[in-house]
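Student: The following block contains the structure, expressed as structure tokens.
The values are calculated or read from the model by the stated rules, or taken from the named source; none is laboratory data. Owing to the predicted nature of the structure, the values given are computational and were not obtained by experimental measurement. Virtual Cβ from ideal backbone geometry, glycine too; neighbours counted across all protein chains shown.
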Amino acid sequence: MGAILYALPAGPGGILTQVILLLSLAVYSSYGGGCTFPPGWTGSWFQSGTPGLIAINSTHIHSKGECSETDSYDKFLLYDRSEDCFRCMVIHEKHKYVLQYKETYCSSKDSLASICEMISGDAALYSMFRKEPRPIPEQCPFHPPPFTFTYNRGSGDCTNPPSRAESCTDDSRLLLRYMACPDVPGTESNVEELVCLATWKEGSTRYLVGQISQVNRRNSIASDEDTYRCFIYKGQHNDKTMTYNIAQSGDATCNGLSSPTDGSRTMKLTNSDDEHNRCHFPSWIVDHHKWFSLDHSHQYHFTKKNATLKIMNSDGSFEEMRLVCHSILEQKDKKHIKLIAHVTSGCESGHVCLKLWRRAGGVLELQQSAARWELAAGACADRDLPHVTLVTTSLMPMRCPIIGRYSVINSLPDKRRRRQQTTIGDTEIQDVSQAECSPEFSSVFFGCGAQQDTIEFKAGCSDTVYSCYGGWAERGAGFVIAASRARASAAPRALCLRYLRRDYNDTRVGVEQLSVSIVSRSCDRSVVPGIGGDNAYNLTKNGTCEQSSMYNSSSVRLLPHSLAIVFAIMFANMLAWR
């Protein structure tokens, strides 16, 4: 420091500069040289009883002061400029979202050790919960739900009727359904949603910080003072039952909690109905973890114990549902199963009826009841359930269930096109190339390829070829799952062809007519073949695949002979003109 002073200019101005610098260094030295807080503390924090939020950056804690000195562990000496005093804060990071501290009153300058010794063992403990950046919830420690539970708010245990804790699709949430006990004053029916934010352990004691919202009063404005709560809990596993004793704080602090059985509100959760172990989905479903609807708007993810359904939307968002096998009602080999499942969407849950049909190696159909029943017994009351057709990402071509070549009598696209032309009238301008080359399908070849696994729609302009991936018959109608070869990919969008055969016989000839409808979403039973669907065709059989091959090959063989005849006629005419 002497070298620095020596370099300063002499004279009255230089002396004044020296004095200012010396005073600044003295003040800086009295602060202890300065220090910083851990980077993970930077942000905005909520503390019960403090107006607004507490901002922390690398060197300052709002309303407390700037970091002056630290022991590099948990003790910090802060200088408060507004009061020109110092305070010691002993801060413990319980979780990256939870800070707890004790502090001294603001006093005159002294050493870090001396001021921190003024904190007594019974000094008030303060808790700060992170607000910004927004915390990411973590999995609730109470599992596996659902639970039945009893609770006590200070006037006795409410045991009958039992309350219920149910899972949400998000594992960080738990739905608490409180029941009112007629013989216990102060109890009432209520539904609360608990969001778990942070858990930590001190010795054998486990803590949880979460936010509680009133489900029945979603539109009401709740402050942080009303929502933040601290919990102490202890779990005990007995045979097939898991029990949790939980004590809840009465305000947005962790004060007043000493044991899992002593708090403003205590609960005892018991998992006596382990639905995860009741039954399992069969291997022909779970061996393929991902299933998609034909248009890939729905995605089903199956695991060994449960199934998760993600309903994808065009904007990329999705609704997630969780299905857990509850009980199997009917099972036939590896082709059909009927069961009751417990379904959870968000924090709403209930029992539904599921029927699954194996149609091919990579094709199955799902029927699910729309209503959710609180009791499993009534879930399968509905008989007529809609079908959802599902495919895997690894579809293998299979032999088509229809073999032969057919002529198109009429089609739904043709009818729509003619209606549009009639509407347009004289103002319609038709492309010359389209006039010369008709895009309308004139014939359809089913299974006429070498592997008999293709469907070819033939038109004047071009052909459209589909691959067959499975088929089955039901109540007189047939179904085929197919996908366009032009759009083949690792996860092709598939179509459902619903068809109906009709035989017309008279004294002269028997005619087979085929009505076909194409649906892009699912194999809808309400679609009438040849009439409804995205596209519909009425066809008449005009030969077998072998006859088609013979016709094509014979045409090729006759072509040179025909050309020879033409040339002979031309040569004869030339001689006659001479």
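Student: Restricting to the stretch 126-138, name every residue that is hydrophobic (A, V, I, L, M, F, W, C) and part of a loop (DSSP other than H, G, I, E, B). Quick ask: steps written out before the conclusion?
Tutor: The first filter runs over the stretch 126-138 and keeps only residues hydrophobic (A, V, I, L, M, F, W, C), leaving 128-129, 136.
I136, the sole residue that qualifies.
Student: Right, next: Return the pair list, or none, for Cβ contacts closer than 9 Å from residues in the stretch 236-248 that are of a type in the set (K, R) to residues that are surrounded by 10 or more Cβ atoms within 10 Å (Cβ to Cβ), at least 6 apart or on different chains.
Tutor: Partner pairs satisfying both residue conditions: K240/N271; K240/S272; K240/D274; K240/N277.
Student: Also: Pick from the stretch 332-359 the residues that are charged (D, E, K, R) and assigned to a strand (DSSP E or B): which of them is nearest to the chain's Cα centre (by Cα)?
Tutor: The extreme case among them is E348.
Student: Could I ask something else about it? Can you find even one residue in the stretch 104-125 that is without any contact (Cβ under 8 Å) to a residue 40 or more places away in the chain, assigned to a loop (DSSP other than H, G, I, E, B) and among the β-branched types (V, I, T)?
Tutor: yes
Student: Considering each residue of the stretch 185-200, count those that are assigned to a loop (DSSP other than H, G, I, E, B) and either under 25 Å from G49 (Cα atoms) or modelled with pLDDT of 95 or more (or both), and give that number. First the steps, then the outcome.
Tutor: Here is the first cut: in the stretch 185-200, the ones assigned to a loop (DSSP other than H, G, I, E, B) are 185-189.
Now drop any that are not either under 25 Å from G49 (Cα atoms) or modelled with pLDDT of 95 or more (or both), which leaves none.
Residues that pass the stated criteria total 0.
Student: A follow-up question, please. Report, by residue number, each residue of the stretch 222-257 that is under 17 Å from V195 (Cβ atoms) and either among the charged types (D, E, K, R) or at pLDDT below 90 (or both).
Tutor: Within the stretch 222-257, A222, D224, E225, D226, R229 meet the criteria.
Student: Can you spot a residue in the stretch 488-502 that is touching a Ser or Thr at 6+ places or on another chain (Cβ under 7 Å), closer than 23 Å to E440 by Cα and at pLDDT below 90?
Tutor: The answer is no; no qualifying residue exists.
Student: So is S155 assigned by TED's automatic domain parsing to the domain that holds A252, of a type in the set (S, T, Y) and assigned to a loop (DSSP other than H, G, I, E, B) or not? Step through it out loud before you land on a result.
Tutor: Details: assigned by TED's automatic domain parsing to the domain that holds A252: yes; of a type in the set (S, T, Y): yes; assigned to a loop (DSSP other than H, G, I, E, B): yes.
So S155 passes the test.
Student: Let me ask something else. All but one of (1) more than 26 Å from V324 (Cα to Cα); (2) in contact with a Gly (Cβ under 9 Å, 6 or more places away or on another chain) hold for C140; state the number of the condition that does not hold.
Tutor: (1)
Student: Okay, moving on. Tally up the residues in the stretch 158-183 that are buried (at least 18 other Cβ atoms within 10 Å of the Cβ), assigned to a loop (DSSP other than H, G, I, E, B) and without any contact (Cβ under 8 Å) to a residue 40 or more places away in the chain, please.
Tutor: Final tally of qualifying residues: 2.
Student: Shifting gears a bit: Does the stretch 80-95 include one or more residues that are surrounded by 15 or more Cβ atoms within 10 Å (Cβ to Cβ), in a loop (DSSP other than H, G, I, E, B) and either touching a residue at least 60 places away in the same chain (Cβ under 8 Å) or in the same structural domain as G52 (by TED's automatic domain parsing) (or both)?
Tutor: No; the residues of the stretch 80-95 include none that is surrounded by 15 or more Cβ atoms within 10 Å (Cβ to Cβ), in a loop (DSSP other than H, G, I, E, B) and either touching a residue at least 60 places away in the same chain (Cβ under 8 Å) or in the same structural domain as G52 (by TED's automatic domain parsing) (or both).
Student: Let me ask something else. For the stretch 307-331, name all the residues that are in a strand (DSSP E or B) and more than 26 Å from E166 (Cβ to Cβ). So that I can check it myself, show each step before the final result.
Tutor: Of all residues in the stretch 307-331, those in a strand (DSSP E or B) come to 307-312, 318-331.
Selection gives E330, Q331.
Student: Looking at (1) buried (at least 19 other Cβ atoms within 10 Å of the Cβ); (2) among the small types (G, A, S); (3) not in a strand (DSSP E or B), which is the one condition that is false for A371?
Tutor: It fails just one condition, (1).
Student: Also: State all residues of the stretch 48-64 that are of a type in the set (G, A, S), closer than 13 Å to F37 by Cα and part of a loop (DSSP other than H, G, I, E, B); if no residue qualifies, say none. It would help to see each step written out before you state the result.
Tutor: Step one: filter the stretch 48-64 for residues of a type in the set (G, A, S), giving 48-49, 52, 55, 58, 63.
Cutting the leftovers down to closer than 13 Å to F37 by Cα gives us 55, 58.
Correct list: S58 only.
Student: Read through the list (1) surrounded by 14 or more Cβ atoms within 10 Å (Cβ to Cβ); (2) free of Cβ contacts under 8 Å to residues at least 60 places away in the same chain; (3) in contact with a Pro (Cβ under 9 Å, 6 or more places away or on another chain), then give the number of the only condition that K334 fails.
Tutor: With respect to (1) surrounded by 14 or more Cβ atoms within 10 Å (Cβ to Cβ); (2) free of Cβ contacts under 8 Å to residues at least 60 places away in the same chain; (3) in contact with a Pro (Cβ under 9 Å, 6 or more places away or on another chain), K334 is out only on (1).
Student: While we're here: Tell me which residues, restricted to the stretch 258-277, are crowded, with 20+ Cβ neighbours inside 10 Å and at pLDDT 90 or above. Spell out how you get there, then give the answer.
Tutor: Just the residues of the stretch 258-277 that are crowded, with 20+ Cβ neighbours inside 10 Å, to begin with: 260, 263, 266-267, 269, 271, 275.
P260, G263, T266, M267, L269, listed by residue number.
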